[in-house]
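To start, the structure itself, in structure tokens.
The values are calculated or read from the model by the stated rules, or taken from the named source; none is laboratory data. From a predicted model like this one, the values you see are computed outputs, not experimental measurements. Heads up: the accessible areas ignore ligands, DNA and RNA and are worked out on the full protein's heavy atoms, side chains in. Shrake-Rupley method; radii C 1.70, N 1.55, O 1.52, S 1.80 Å.
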Amino acid sequence: MKDIQRLKELYVQYKQKKCSAEELELFFDLLGRLSFDRLGTYSFAGSTHHQAITGVGECKEFALSDGTVAKLGPESKLHYAEIFKGQKRFVQLEGQAVFNVVQSKEYPFIIQTGLVIVQSMGGCVNVLAYPEETGINVLVLEGQANVHIERPNYSRKLTANTGWKILVDKTSGILRKEWINAQYILN
């Protein structure tokens, strides 16, 4: 319900040309998340929905409809549309996955895990988001990623480039950026 109220506020600001580009981006992210929530986990806006699940010690690698390659880690779940439609390429993740995202300046690749949204325009991103863990890690192995968290009365966004990771504390909602040596991870 709070998302709906925030959407209405941002839409009014947008119509009056009183909101910034960041607020407009938040508006569309919230709209996408709200649409996703209303449609339910098993419906992706008129497209056939798929779900990939891995067991203990199992990994799966497969290509999505835009050419992005997803490598799903052990005990993970990925929901995705058979064919991406509209302006966003959207998936929902529980667990771990490495995404080799096909470059697109027009259509961001969105990974949702709980209240955290990871956005990439292209590159390689490793997302660790197991539900039982208190934090989420987003490692940018190549390219750039934006990480958003939206909670009642609290919205934050951080951007990271190659070699950085963003840590999200799910309890407090705090985002923190740390340097990693992505070169060693890729080799």
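How much accessible area per residue does the stretch 128-180 have, in Å², with a 1.4 Å probe?
Numbers: 2820 Å² over 53 residues.
Heavy-atom SASA per residue in the stretch 128-180 reads 53 Å².
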Item to complete: State the percentage of accessible surface on the stretch 94-183 attributable to carbon and sulfur atoms; use a 1.4 Å probe and exclude ligands, DNA and RNA.
Response: 49 percent
Worksheet item: Between their Cα atoms, which of 77/170; 71/165; 77/105 are more than 25 Å away from each other?
Response: 77/105
Worksheet item: Rounded, prolate or oblate: which fits the stretch 48-187, taking a ≥ b ≥ c as square roots of the Cα gyration tensor eigenvalues, rounded meaning a/c under 1.5, else prolate when a/b beats b/c?
Response: rounded
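So how do 79, 50 rank on accessible area, 1.4 Å probe, biggest first, that is with the largest at the start?
Working: 79 10, 50 70 Å².
Correct descending sequence by accessible area is 50, 79.
Kindly report the accessible area of the stretch 81-122 per residue (heavy atoms of protein chains, probe 1.4 Å, no ligands, DNA or RNA), in Å².
Numbers: 1850 Å² over 42 residues.
Using a 1.4 Å probe on heavy atoms only, each residue of the stretch 81-122 averages 44 Å².
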